[in-house]
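The values are calculated or read from the model by the stated rules, or taken from the named source; none is laboratory data. It should be emphasised that the depicted structure is a prediction, and the values quoted were computed from it without experimental measurement. As a convention, Cβ positions derive from the backbone with ideal geometry for all residues, glycine included, and neighbour counts pool all protein chains shown.
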């Protein structure tokens, strides 16, 4: 689409994750390296599982980054795969140790579902984040009041304290957009999001004004996907597509469902989700034209003047 370039990592890829890389991202890196080393050594998952006394399913989970790897198991697997350099083994085991550390989001374990935790960890390490939302403004761009309305709509019977914690977690996630190395964020909003008065007119005014302000940032793109586009090209569920500036770390597509989510990092799967996002972007109004649509929506909710 004219005027829009694919969001590529802004930092030169590195062989080793940066010190600040999240434990979630480190597990993906380590898993990819374990899978590559096992393949190069010609070792089957069954043999690897027998070496560390586990199931082949656990080997698969470690290689896809869905399960942590113990330091002793890592050392044993590297030996099995023919890695004999003590320095290389020590470096790998050190990364395993860092991958096992707790991220800041674990302090919200009481309100953080297991299926949602991987996304929070991956956001922290992403160089670019592309997302499509058909129901609400994405959490990374929500105001506090809008986030409260969204949380209460799905958890109406929970206590106010739990709701407050959920909103606090959502706002804490947004701090990554304020970093000097903030990821590039490209949001595709279904037009229905603008029509749905989540939280009422005042909340929507504040939320739309916030969206307009965020589009002024150089690393934030917002496009509105009209009904005539999503009627023919729509994934049906929210999609978040993450790309990283770390060599060996694959792209990840995170797909939301009603009460859980699925994350995939195999290229044949991520290519399909990237194609959906590319297609929606190409058919939707440009970021400048989408900004006009956001302004028109703001006026419908009683906005009092242009947001600059």
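Output the residues belonging to region 98-113 that are at pLDDT 85 or above and either in a helix (DSSP H, G or I) or surrounded by fewer than 17 Cβ atoms within 10 Å (Cβ to Cβ) (or both).
Selection gives 104, 105, 106, 107, 108, 109, 110, 112, 113.
I need the full set of residues from region 227-244 which are over 21 Å from residue 290 (Cβ atoms) and within 14 Å of the chain's Cα centre (by Cα), in order please.
242, 243, 244
Quick check: is even one residue across region 56-64 within 30 Å of residue 166 (Cβ to Cβ), within 18 Å of the chain's Cα centre (by Cα) and not in a helix (DSSP H, G or I)?
yes
Just need a number here: residues in region 39-61 that are within 20 Å of residue 264 (Cβ to Cβ), surrounded by 15 or more Cβ atoms within 10 Å (Cβ to Cβ) and at pLDDT 90 or above.
4
Has region 67-78 got at least one residue that is touching a helix residue (DSSP H, G or I) at 6+ places or on another chain (Cβ under 8 Å), outside any helix (DSSP H, G or I) and on the phi > 0 side of the Ramachandran plot?
So far as region 67-78 goes, no, none of its residues is touching a helix residue (DSSP H, G or I) at 6+ places or on another chain (Cβ under 8 Å), outside any helix (DSSP H, G or I) and on the phi > 0 side of the Ramachandran plot.
Pick from region 193-225 the residues that are out of contact with any strand residue (DSSP E or B) (no Cβ under 7 Å at 6 or more places or on another chain) and closer than 15 Å to residue 288 by Cβ: which of them is surrounded by the most Cβ atoms within 10 Å (Cβ to Cβ)?
If we take residues in region 193-225 being out of contact with any strand residue (DSSP E or B) (no Cβ under 7 Å at 6 or more places or on another chain) and closer than 15 Å to residue 288 by Cβ, then 212 is surrounded by the most Cβ atoms within 10 Å (Cβ to Cβ).
Please enumerate the residues belonging to region 125-134 that are surrounded by fewer than 21 Cβ atoms within 10 Å (Cβ to Cβ) and touching a helix residue (DSSP H, G or I) at 6+ places or on another chain (Cβ under 7 Å).
Result: 134, single match.
Residue by residue through region 250-270, note down the ones that are exposed (fewer than 12 other Cβ atoms within 10 Å of the Cβ) and in a helix (DSSP H, G or I).
Residues satisfying the conditions are 267, 268.
Go through the residues of region 10-28 one by one and say whether even a single one is modelled with pLDDT of 85 or more, outside the structural domain of residue 129 (by TED's automatic domain parsing), within 21 Å of residue 127 (Cβ to Cβ) and surrounded by 15 or more Cβ atoms within 10 Å (Cβ to Cβ).
no
Any residue at all in region 142-162 that is crowded, with 19+ Cβ neighbours inside 10 Å, assigned to a helix (DSSP H, G or I) and touching a strand residue (DSSP E or B) at 6+ places or on another chain (Cβ under 8 Å)?
No, every residue in region 142-162 fails to be crowded, with 19+ Cβ neighbours inside 10 Å, assigned to a helix (DSSP H, G or I) and touching a strand residue (DSSP E or B) at 6+ places or on another chain (Cβ under 8 Å).
Can you find, within region 217-231, the residue that is nearest to residue 126 (Cα to Cα) among those that are touching a residue at least 40 places away in the same chain (Cβ under 8 Å) and assigned to a loop (DSSP other than H, G, I, E, B)?
Per the stated criteria, the residue is 219.
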